Amino acid sequence: MKRFASIFAGIFMLCSVSAFSAETKTYPGPQEGAPNVYKQLFDNERVRVSEIKFGLGEKAAMHTHPYPHAVYIIEGGELTITHLDGTSAVVKAKAGDVLWMGAETHEAVNTGTTVVRGTVTEIK
C-alpha cells in the first residue's frame, strides 16, 4: 500500500509540475520580443538602456521587463499597454515626460496619431 501511495504521489507531482509550467509561460525580454521597437544602447551589471520607436499602429509583442524601469519620452504620443491579465491602460505622454514602471510583462501598441520615441532605462 505504501508503494502505491508513493507512485500515486509521484504521478500527482509530475502532473502538477507540468500543469504549472503550462500556466507560467515565460516571455522574452524587450530586445528579443520586440526588436521592431527596441534598440539596445548600453548594458552593464547595473543598468540596461534602450531606445524605443513606435511607428503609427506599431506593436511591441508581449515581452518581459525583468527590472523596474524609467521611460524618458523624446517624441510624445499615445500607447496602449496591455498586461498578461488582459487589463490595459492608455498612456498619453508628451516630450520630456518621465514614466516609472515596475518589473512587468506587457505588450504595447501605438494607438495615437504620432510616432512615439523614447529611452528605457532598466535598473538591475
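Any read-out appearing in this document is the output of simple, stated calculations on the displayed coordinates, not a laboratory observation. All values derive from a computational prediction rather than experimental measurement. Using ideal geometry, Cβ is built from the backbone for each residue, glycine included, and neighbour counts are taken over all protein chains shown.
Measuring r between the beta carbons of residue 47 and residue 87 and using R0 = 41 Å, the FRET efficiency lands at 0.90.
Distance between the 7 Å Cα→Cβ label points at residue 58 and residue 114: 1.6 nm. Exceedance of the 20 Å cut-off in Cα-Cα distance is limited, within the set 39/59; 53/94; 39/92, to 39/92. Taking Cα centre as origin and charging only the Cβ of basic (Lys, Arg, +1) and acidic (Asp, Glu, -1) residues, the dipole magnitude of region 40-124 rounds to 140 debye.
Rounded if a/c is under 1.5, else prolate if a/b beats b/c, else oblate: with a ≥ b ≥ c from the C-alpha gyration tensor eigenvalues square-rooted, which is region 33-110? The shape class here is rounded.
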